1. Going Cα to Cα from A:Lys419, which lysines come in below 23 Å? Please leave out same-chain ones fewer than 8 positions away.
2. Using label points projected 7 Å from each Cα along Cα→Cβ, tell me how many nm separate A:Ser684 and B:Asp121, to one decimal.
3. Distance between the C-alpha centers of the stretch A:398-414 and the stretch A:87-125? Whole Å please.
4. Can you give the FRET efficiency to the nearest 0.05 for A:Ala464 and A:Glu519, using r as the Cβ-Cβ distance and R₀ = 25 Å?
5. Suppose we keep just the alpha-carbon trace of the stretch A:399-577; what are its Rg and Dmax in angstrom?
6. Work out, step by step, the length gained on full extension between A:Arg507 and A:Ala393: first 0.36 nm times the residue separation, then minus their alpha carbon distance; give nm to one decimal.
7. What is the extension gain from A:Arg375 to A:Asn496, computed as 0.36 nm multiplied by their sequence separation minus the C-alpha to C-alpha distance, in nm to one decimal?
8. Express in nm, to one decimal, how much length is gained between A:Leu527 and A:Leu347 on full extension, taking 0.36 nm for each residue of separation and deducting their alpha carbon distance.
Amino acid sequence: MDELEEIKVTFFQECDELLGDLESGLLSIDAGDTEPELVNAIFRAVHSVKGGAGAFGLEALVRFAHVFETLLDNVRSGKTPLESDLVKVLLRAADVLADHVAAAKLGGEGDAAATTAMVEELEAWTSGGPGLAPPALQADVQPNEDGIVFKPVTLTLPEFEDAPKEQVWIITFQPMDALYARANEAGLLIREIERLGKVEVELLDDALPVFDNLEPETAYFAWKVRLKADVTEEKIREVFEFVEDHCSTTIVRETSPTALAETGPGPDIAAILAAAQAAYPEASPPLTPPRIETVAAEPDLPAEPATSAVAVAQPTSLRASPAPPAEKANQATIRVDPERIDKLIDLVGELVINQAMLAQRVAGHGFAASSDVGRGLDELEQLTRDIQDSVMAIRAQPVKSVFQRMPRLVREIAGLTGKQVRLVTDGENTEVDKTVIERISEPITHMLRNAIDHGLETAEDRAAAGKPSEGTVRLAALHRGGRIVIEVGDDGRGINRPRVRQIAIDRGLIAADAQLTDEEVDNLIFLPGFSTASQVSDISGRGVGMDVVRKSVQGLGGRISISSRPGLGSNFTLSLPLTLAVLDGMVIDVAGQTLVVPLTAIVESLRPAASEVKKLGVQGGVLAVRDAYVPLVDIGRVLGFQSAEINPAEGVVLLVDSEVGGRAALVADSIHGQRQVVIKSLESNYQQVPGIAAATILGDGRVALILDVDALVAMSKREPLRMHEPSIQAAE
Amino acid sequence: MNQPAITVANERRELTSFWAGDQEYCVDIMSVREIRGWSAATPLPQSPSYMRGVINLRGAVLPIMDLAERLDLPPTEPSERSVIIVVQVGERLVGLLVDAVSDILSINPEQIQPTPDVGCDQAKAFVRGLITIDDRMVSEIAVERLLPELEGLAA
């Protein structure tokens, strides 16, 4: 990849984040949040997209972003009131912007018709506002390279008389490192100014350190350009348009063509810079110069109140406000190659195993836990755990990045189906491994489509059923049983079981006289080629819906299930592994093998008395636990490690909760205890193994398998079912 | 017809040869990641019997396949002298349990003869070709065909 392409990739990554910020900001406003910073944030997002797009010559994107930005700018300055109708328009404009970005990523341009319509709508709102203000006169708020947001430093300047035809502009131009890093050249920009008129250029080299302290890639120089020309400030600013995020410029008009800024009534640039830089004594000045914008000839603009943190050089004419506190800076992110993190995770896994091995050997040499060595080991274990937690947290990501994309989808489908839909999300901060994040978006999209298209009724039908006309779709994420569970629910009509059954019979998916439970009928919708929509719609109903979802979920080592109540709605539950994470597990022995059971699945462990174990049928058995009978599951037999059954009364029983079959009692030979284990994928070198979620490496360096409790319970049910089914059918 | 292709690929190839079930086999040396001694493997439930289980290869879970049993020969009795050859198949690593490593062969591609039509399906499926060195016959294993078909993961 050449360098420009790399930068472009970064730009599109940033775009995705910015578009996410834009949408979540608009949604907060839509939900009634009146925080003014939100408007600034959405403005910045659009502005940054435009800036980057300009650098890559993505003209269609720039043009649209500009129109969007103009309207937002009016909103920001209060010239266009932010009504809820406008927010809806802005949300749709954000969708169009996202389309443009997506199109630009593929080297094309966005849908021209949709763009034109949206541009017209936006412009109508822009001109419909109480006043028009050219955006260039507005003070800009820009995040700089570190993500620190500088509020505009507003300078209240002495009022000007009617400007002479030939004006003198003082332009101070200070490039940041990033300007050079992106292959821009200060000299070219100054030459560009030279084209506007007569210039005198002065080099400001105050920031240049002594040679020993010189950083070769740091920008130290600034320039002061005195431009004599008949131009507007806007015209000058255009020169810096594509580098405005990577330099700080001030443009002021010299009041008297002969007087220089230092002596004249105009602001003292050097003093302003010094004052602003004094606010950031820790930062190397050329790295984080505050952006200083001047607002010329608009003296009635309210100035930001000065704060004591800034040494104000000219108290009467200059007021400045420092950057907001560090909370914004904390949101700054760094980009790291995921491979490096994977490597780190592997190494830490090794460290954990090594530490466990060391502990075992030390114990083998007869050191007591209270000895110096024992205590040292304890501390090492604690540290190892902390490091492990921190490392795992690096790669884990909240599902928010996926959930954020869903409101748009819901809006679009709602628009296409003419239904009123409200999306409620829950558990956005549930963290899951990055590799899972990347792949859950597709099944969620399918499930949401299905919920709106098939699940929800039309507004009229809902009203007739006595429900609110607006349907609710719920998207939630949570951790359960060492897995991540995604739920997509709706409050629609629920599954029409007789119809589903009839369709399955019509399509030859089941026999006409098949005896099916409600649950089994519901699950028919996952069969390939099943589609309940009588008309094929654009949204779903092409007969590739739910079976595709199930396939892709299974490909991830996950499961999908549905529960539905007629008239009340359906709920899809997606359960996925956390692929690479640490797991608290119970280490058990089964038929000479060491296995790990995820602790989250275990309700309790007990040693049952012989009287509590009841035989049921030929092979089955149940355990009486406090007045309830729980099916016994012999782990060794289900996995095929042994054929003889363990007598539960001689072994240990783990009561577990499973998604599929409720509570079950797993029978094992013995329990070693609890410990934290590193999950190692079996799939990376082999393949999924039934009943096994993953593997781990124990303190002695051997591999132990981690049980998939749900699958195990399901397997134990399937076995006897298959044997008994024919005889039951024959009897009937 | 095949003549031009063979003469173009005139570079010498290096192969690692080893013994499995009284027969000599080899794999391309470029696919061999390492050779290590036998250590007890953790058995995998519901897996073919030639999958001996998994071992810890510096933090990664490495499946171990008994090559002899995979080729329908009598299963290998692992001993202290048994060897695991870790080979790379695509993105995956798999350990082949064999009796002993014997040699490094440097051959011309012309020395490889196509597998003749023999009765044994396994031999036909997994042997890419035959190489004659002095009076020894060494069969080249097509490692990419060894792993069982990955069901349900094709997407």
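Each value in this text was obtained by applying a stated rule to the coordinates, not by laboratory testing. This structure is a prediction, so every number in the text was calculated from the model and none was measured. Here Cβ is always computed from backbone atoms with ideal geometry, including for glycine, and neighbour counts include all displayed protein chains.
1. List returned: A:Lys88, A:Lys467.
2. 3.5 nm
3. Between the Cα centre of the stretch A:398-414 and that of the stretch A:87-125, the gap is 18 Å.
4. Values: r = 28 Å, r/R0 = 1.14.
Working from the Cβ atoms, E equals 0.30.
5. Rg, Dmax (Cα atoms, Å): 15.9, 47.
6. Extra length from A:Arg507 to A:Ala393 when fully extended: 36.2 nm.
7. Additional length available on full extension: 37.2 nm.
8. Between A:Leu527 and A:Leu347, full extension yields an extra 60.5 nm.
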